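The values are calculated or read from the model by the stated rules, or taken from the named source; none is laboratory data. Worth saying up front: this structure is predicted, and the values here are computed from it rather than measured. Note that each Cβ is placed from the backbone with ideal geometry, even for glycine, and that neighbours are counted across all protein chains shown. To get the accessible areas, we keep the full protein, side chains included, count just its heavy atoms, and leave off ligands, DNA and RNA. Shrake-Rupley method; radii C 1.70, N 1.55, O 1.52, S 1.80 Å.
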Amino acid sequence: MDIEFPFDGDDDDRTVATDLADVAESLLAVDTVEAIQDLCMDLVPRVLPSRAFGIYLFGDSPGRTPLAAAEGVSERFLTLYEELGRHQDPVLRTLEQRRRPTHSSRLMSENTWTESPFFRDVARLHDMRMVLEAPIIERGHVVGTLNFADNDRLALASPAEIAVAGALGRLVGVAVTEVARREAARAVQDDLWAALDLSSEATVILDLATGQRQVNAAARALLGRVGISEPTLWLTGLIEAGPGRDADAGMRQTFVLDVRLDGVSRHLQVQSCVTDRGGARRVVALLELLPAAPGVAALPDHLASQLSAREREIAALAVAGLQDQQIAEKLFLSRYTVKQYLKTTYRKLGIRSRLELTRAALTGEPADDGPRPTTPEQP
């Protein structure tokens with residue numbers, strides 16, 4: 001915001017600069033237009049005292065209703081201004097054309113002012129000989145005004161005071177723009193979450209900074225099915241077992257949790273990815289209850305117990321017909337890692353190929369002659 005103030009640098013000027021900084025800090029901390037209005041009514045008259053002050057937001061933006069607040073004037077005045085004055089106000093018309101703070105004494109003489117329809121029909125009610133209005137600008141459009149009025153025609157008429165009024169209007173415009181941006185972002189976020197909640201993909205979103213968790217309907221149903229009665233504690237464990245709070249953005253990881261469904265041991269696969277948008281770091285996790293694949297469900301306990309959870313998972317996918325590269329892509333592993341897991345599985349079960357692995361899954365028996373040294377798998 002580039003504004004030149006014709007100040008002399010004395011103590012009063014430094015006080016005004018401090019007051020403007022306080023106004024800016026306060027305005028940018030609020031979340032609603034109503035809060036902006038309340039702050040203006042409290043702070044702006046301290047910076048530029050006048051007999052009457054008001055803030056008016058037109059409500060021209062989509063979804064925004066007009067807002068107005070004033071002190072030093074009667075309800076009758078506000079009614080007259082809305083019915084007649086807004087369309088007659090020469091200061092407002094000039095401000096909208098020039099997009100700059102406008103003082104009535106710079107527009108016309110006192111006689112011309114007091115003979116104008118605006119003074120006769122509205123301002124005369126409180127003998128307003130001076131009106132100063134500053135534009136509130138949002139995204140290049142005048143969306144409202146800060147209004148100062150007094151019985152003294154030359155009140156707030158100095159270049160410095162007019163410049164301060166303009167600075168205040170600009171600060172309010174920045175705050176209004178920021179509130180609109182936040183509201184739009186929240187609306188988009190709410191829409192996306194509503195869509196995600198309807199998705200059949202069981203999804204969990206974890207905010208790594210705040211610990212806030214969002215669990216969509218599919219994930220809630222899945223967690224309920226597998227008997228996780230304390231999802232909050234489970235999700236905390238998920239964070240600790242997953243990528244971790246210091247993981248790099250884009251990091252992906254897949255791991256499997258042992259769960260029980262209807263008294264049967266199953267595996268809950270969790271595929272997670274770390275995201276970083278504007279410094280907001282989150283873990284997005286997709287949950288999937290692995291089907292009762294032959295390689296896992298059909299292996300008898302005396303064989304399955306020889307394998308780790310990851311080995312059982314890869315064995316199931318291999319029996320289901322997936323090749324090494326397909327398994328690697330599904331589990332976010334390298335093809336080499338998949339191959340090594342399969343070699344270990346073959347060695348533990350005493351087999352040498354996918355064919356023998358499938359036979360073991362179907363018959364419950366490994367190769368007849370027991371464990372053998374691992375040799376390259378035959379195509």
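Within the range 134-151, the set of residues being part of a loop (DSSP other than H, G, I, E, B) and either buried (at least 23 other Cβ atoms within 10 Å of the Cβ) or without any contact (Cβ under 8 Å) to a residue 60 or more places away in the chain (or both) comprises Arg139, Gly140. Taking the conditions (1) of a type outside the set (Asp, Glu); (2) out of contact with any Pro (no Cβ under 9 Å at 6 or more places or on another chain); (3) open to solvent by less than 10 Å² (accessible area, probe 1.4 Å) in turn, Thr102 satisfies each one other than (2). Within the range 69-76, not a single residue is assigned to a helix (DSSP H, G or I), within 20 Å of Ala175 (Cα to Cα) and either in contact with a helix residue (DSSP H, G or I) (Cβ under 8 Å, 6 or more places away or on another chain) or at pLDDT 90 or above (or both).
Across the range 331-356, the number of residues qualifying as of a type in the set (S, T, N, Q), under 20 Å from Phe255 (Cα atoms) and touching a residue at least 24 places away in the same chain (Cβ under 8 Å) comes to 2.
Please determine whether any residue of the range 193-209 is open to solvent by less than 50 Å² (accessible area, probe 1.4 Å), closer than 30 Å to Ile55 by Cβ, assigned to a helix (DSSP H, G or I) and touching a strand residue (DSSP E or B) at 6+ places or on another chain (Cβ under 7 Å). No, every residue in the range 193-209 fails to be open to solvent by less than 50 Å² (accessible area, probe 1.4 Å), closer than 30 Å to Ile55 by Cβ, assigned to a helix (DSSP H, G or I) and touching a strand residue (DSSP E or B) at 6+ places or on another chain (Cβ under 7 Å).
So is Val131 outside any helix (DSSP H, G or I) and within 25 Å of Glu75 (Cβ to Cβ) or not? Against the criterion (outside any helix (DSSP H, G or I) and within 25 Å of Glu75 (Cβ to Cβ)), Val131 qualifies. Summed over the range 161-192, the residues that are under 15 Å from Leu48 (Cα atoms) and open to solvent by less than 50 Å² (accessible area, probe 1.4 Å) give a count of 10.
Among the residues of the range 317-335, none qualifies, meaning not one is over 14 Å from His267 (Cα atoms), at pLDDT 85 or above and of a type in the set (Phe, Trp, Tyr).
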